[in-house]
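A short worksheet on the structure shown next.
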Amino acid sequence: MKKALIISAFAISLIAGCKSGTDKKNTGGDNAATHNDTPVTPRNNEVSPANAYNGLFLETKDVEKYITTQKLDSNLANRLRSFYNARNYEYAWFDSTGLNEQAYGFRSLYDYSVDTSENNKALEYRLNALMNNEQDSAISASDANIVKTELQLTQRFINYFLDAHKDDKDAVKIMEHYVPMQKSDILKMADAVISGKGYHSTDIKNVYGDLTKELEKYTAIAKKGNWDSIPADKKKKYKKGDNSPVIASIKHRLQASGELGGQDTTGVFDDALEAAVNKFEATHGHTPRGVITDTLIREMNVPAITIVEKILINMERMRWIPTVPEGRLIMVNIPEFMLHAWDGKNKDFDMAVVVGKEGKSTTSFSGDLNQVVFSPYWNLPRSIIKEEVLPAMSRNKGYLASHHMEVTGERNGVPVIRQVPGKENPLGRVKFLFPNSFNIYFHDTNQKELFNRDQRAYSHGCIRLSDPVKMANYLLHDQPEWTAEKIDSAMNSGKEKYVRVKNPVPVMITYYTTWVGADGQLHVVEDIYDHDRIMAAKLFTDAR
């Protein structure tokens, strides 16, 4: 999978937002300078603890010490100085809680397997620990390991970006402003993004649609003062045939956002309104039922400026998506609770999924699906053993036997436990592996009833498939020995069997709460892990 960063209108808006700061002259070692014809950006004093995206700052001496100890050549050393001058030495990859979304996004893009150096292995080890919550202490801007991880990631980013965009004359400038550095007013940022259309990538359009037009639409509505609020009645539902002043308000609202055409303002719930309500439900993560509930009214009452905010947040995320490959691709959008299988621009199928519940959230990343495991053992995660199984074992000595589990060893004082294949195994009859640092994979489930729900965040982090038989046949279709009958037999044999996929399929696990679907409509779904809220507080001075 080719993994190039997307240079979008959003990146240009970040440059525009910081231009006044980077044009300032400064005294001392951070002045604009050249070293072997490599210009260094002046220090941007506009970025401060009060308006910084991440809120953590490096010391200049930390960067200089890193340059010396790593023996960086003069060109790379100046690129590193320049990168941090542009952001006034604000951290790029950390905030006070740990690695930020951009760090996860970049790691998903970077093929670290090509670098076998000890420095790279050490960095990967630290990233794994941070991303799997194995950090022993809170994040500190002065912690030597955090400083080193930050600077190594930036060195990796500089080399990666300038190589991926070596033919772009503005690559250095864009790179230095690619990682968000400073808060902005929502509408000011929207205007900057809208005005930079020339850099918007068609790669985004092929997968999650072009959000620029939707940004223009909702920005215009927000500037006009939003739509009128619909009066809510928690005890009342509205369906076709009802008549109420509230229904008239709902028609106004759906006309403003485009689900309802025409200019009908009566209080009658007619066929046209039912169709519009169905469309609204379908684009907001609900099964269309054509009935207006208090939940739907609450979602209709979300202000247009909040939708602008969500669009901007998701455009920022989309800049970190790998370039879409030409062949097959499997994508899971976590808050949509859906999997989409593509072959180039053609959709092969969609599939409902169950994702991680809050506290056990599924992580965004990319990988290559290369193995199918029929009748799998379930190797219990260490966290489940410690938090759930060990307390149950202390209460009931027969717990393991009654749940068809067995101890296979011990690691760091904690037993290694697996559950044998069978009906009670939560992995069901098959699992699908795409190696990653988070021990996340696709699998069958014995809790099929969960797929009847609109909200499907119930797992411990892995992704449960509603139709694993379809997935197995899809992955093995070019291996003629694996007929549908043989796949069915292997899934029900009770004996674990690994099968290597002849042509591994790229997998992208994403987190988009707003996108343009294949139906051409803007989809807005719930921010199930609070990622939008966290990013909004970092990106905007007037976060909703």
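The values are calculated or read from the model by the stated rules, or taken from the named source; none is laboratory data. Worth saying up front: this structure is predicted, and the values here are computed from it rather than measured. For neighbour counting, all protein chains shown are included, and Cβ atoms are generated from backbone atoms with ideal geometry for every residue, glycine included. Please note that ligands, DNA and RNA were not included when accessible areas were found on the heavy atoms of the full protein model with its side chains. Shrake-Rupley method; radii C 1.70, N 1.55, O 1.52, S 1.80 Å.
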- List every residue pair whose Cβ atoms lie under 9 Å apart, where the two residues are 6 or more positions apart in sequence or sit on different chains, the first residue falls within segment 153-168 and is under 13 Å from Leu80 (Cα atoms) and open to solvent by 20 Å² or more (accessible area, probe 1.4 Å), and the second residue, located anywhere, is among the polar types (S, T, N, Q) and not in a helix (DSSP H, G or I). Gln155/Gln70
- Of these, Tyr218, Tyr178, Tyr238, which one is more than 29 Å from Ile509 (Cα to Cα), modelled with pLDDT of 90 or more and among the aromatic types (Phe, Trp, Tyr)? Tyr238
- Please specify each residue of segment 193-215 satisfying the condition of being under 19 Å from Ala536 (Cα atoms), of a type outside the set (D, E, K, R) and either surrounded by 20 or more Cβ atoms within 10 Å (Cβ to Cβ) or at pLDDT 95 or above (or both). Val193, Leu211, Thr212, Leu215
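Going by the structure shown, is Asp542 out of contact with any strand residue (DSSP E or B) (no Cβ under 7 Å at 6 or more places or on another chain), farther than 25 Å from Asp454 by Cα and of a type in the set (Asp, Glu)? Walk me through how you get there before you give the answer.
Details: out of contact with any strand residue (DSSP E or B) (no Cβ under 7 Å at 6 or more places or on another chain): yes; farther than 25 Å from Asp454 by Cα: yes; of a type in the set (Asp, Glu): yes.
Spelling it out, Asp542 is indeed out of contact with any strand residue (DSSP E or B) (no Cβ under 7 Å at 6 or more places or on another chain), farther than 25 Å from Asp454 by Cα and of a type in the set (Asp, Glu).
Looking at Tyr458, is it touching a Leu at 6+ places or on another chain (Cβ under 7 Å) and open to solvent by 40 Å² or more (accessible area, probe 1.4 Å)? I'd like the intermediate steps shown before the answer.
Values: touching a Leu at 6+ places or on another chain (Cβ under 7 Å): yes; open to solvent by 40 Å² or more (accessible area, probe 1.4 Å): yes.
Yes; evaluated as a whole, the condition is true for this residue.
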- Message: Name the residue that is surrounded by the most Cβ atoms within 10 Å (Cβ to Cβ), counting only residues in segment 292-323 that are among the acidic types (Asp, Glu) and in contact with a helix residue (DSSP H, G or I) (Cβ under 7 Å, 6 or more places away or on another chain).
- Response: Glu309
- Message: Looking only at segment 518-544, how many residues end up being more than 26 Å from Lys279 (Cβ to Cβ) and surrounded by fewer than 18 Cβ atoms within 10 Å (Cβ to Cβ)?
- Response: 7
- Message: Based on this model, can you work out whether Phe83 counts as touching a Ser or Thr at 6+ places or on another chain (Cβ under 7 Å), of a type outside the set (Gly, Ala, Ser) and modelled with pLDDT of 95 or more?
- Response: yes
- Message: It is to be established whether one or more residues within segment 362-379 are among the small types (Gly, Ala, Ser), crowded, with 19+ Cβ neighbours inside 10 Å and either under 25 Å from Leu450 (Cα atoms) or more than 15 Å from the chain's Cα centre (by Cα) (or both).
- Response: yes
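Got a sec? Which of Glu406, Glu387, Glu410, Glu326 is out of contact with any strand residue (DSSP E or B) (no Cβ under 7 Å at 6 or more places or on another chain), open to solvent by 10 Å² or more (accessible area, probe 1.4 Å) and either outside any loop (DSSP other than H, G, I, E, B) or closer than 29 Å to Lys495 by Cα (or both)? Outline the logic, then answer.
On the way: Glu406 fails: out of contact with any strand residue (DSSP E or B) (no Cβ under 7 Å at 6 or more places or on another chain); Glu410 fails: out of contact with any strand residue (DSSP E or B) (no Cβ under 7 Å at 6 or more places or on another chain); Glu326 fails: either outside any loop (DSSP other than H, G, I, E, B) or closer than 29 Å to Lys495 by Cα (or both).
One residue alone meets the criteria, Glu387.
If you take the residues of segment 244-291 that are among the β-branched types (Val, Ile, Thr) and in a loop (DSSP other than H, G, I, E, B), which of them is least open to solvent (accessible area, probe 1.4 Å)?
Looking only at segment 244-291, we keep the residues that are among the β-branched types (Val, Ile, Thr), and these are 246-247, 250, 265-266, 268, 277, 283, 287, 291.
Narrowing the set further to residues that are in a loop (DSSP other than H, G, I, E, B) leaves 265-266, 283, 287, 291.
Details: Thr265: 72, Thr266: 66, Thr283: 3, Thr287: 61, Val291: 44 Å².
Filtering segment 244-291 for residues that are among the β-branched types (Val, Ile, Thr) and in a loop (DSSP other than H, G, I, E, B), the one least open to solvent (accessible area, probe 1.4 Å) comes out as Thr283.
In the list Lys486, Lys495, which residue meets the criterion of being in a helix (DSSP H, G or I) and either open to solvent by less than 10 Å² (accessible area, probe 1.4 Å) or not aliphatic (A, V, I, L, M) (or both)?
Values: Lys495 fails: in a helix (DSSP H, G or I).
Among Lys486, Lys495, only Lys486 is in a helix (DSSP H, G or I) and either open to solvent by less than 10 Å² (accessible area, probe 1.4 Å) or not aliphatic (A, V, I, L, M) (or both).
Using the structure shown, decide if Val355 is part of a strand (DSSP E or B), surrounded by 14 or more Cβ atoms within 10 Å (Cβ to Cβ) and in contact with a helix residue (DSSP H, G or I) (Cβ under 7 Å, 6 or more places away or on another chain). Working first, answer last.
On the way: part of a strand (DSSP E or B): yes; surrounded by 14 or more Cβ atoms within 10 Å (Cβ to Cβ): yes; in contact with a helix residue (DSSP H, G or I) (Cβ under 7 Å, 6 or more places away or on another chain): yes.
Criteria met by Val355.
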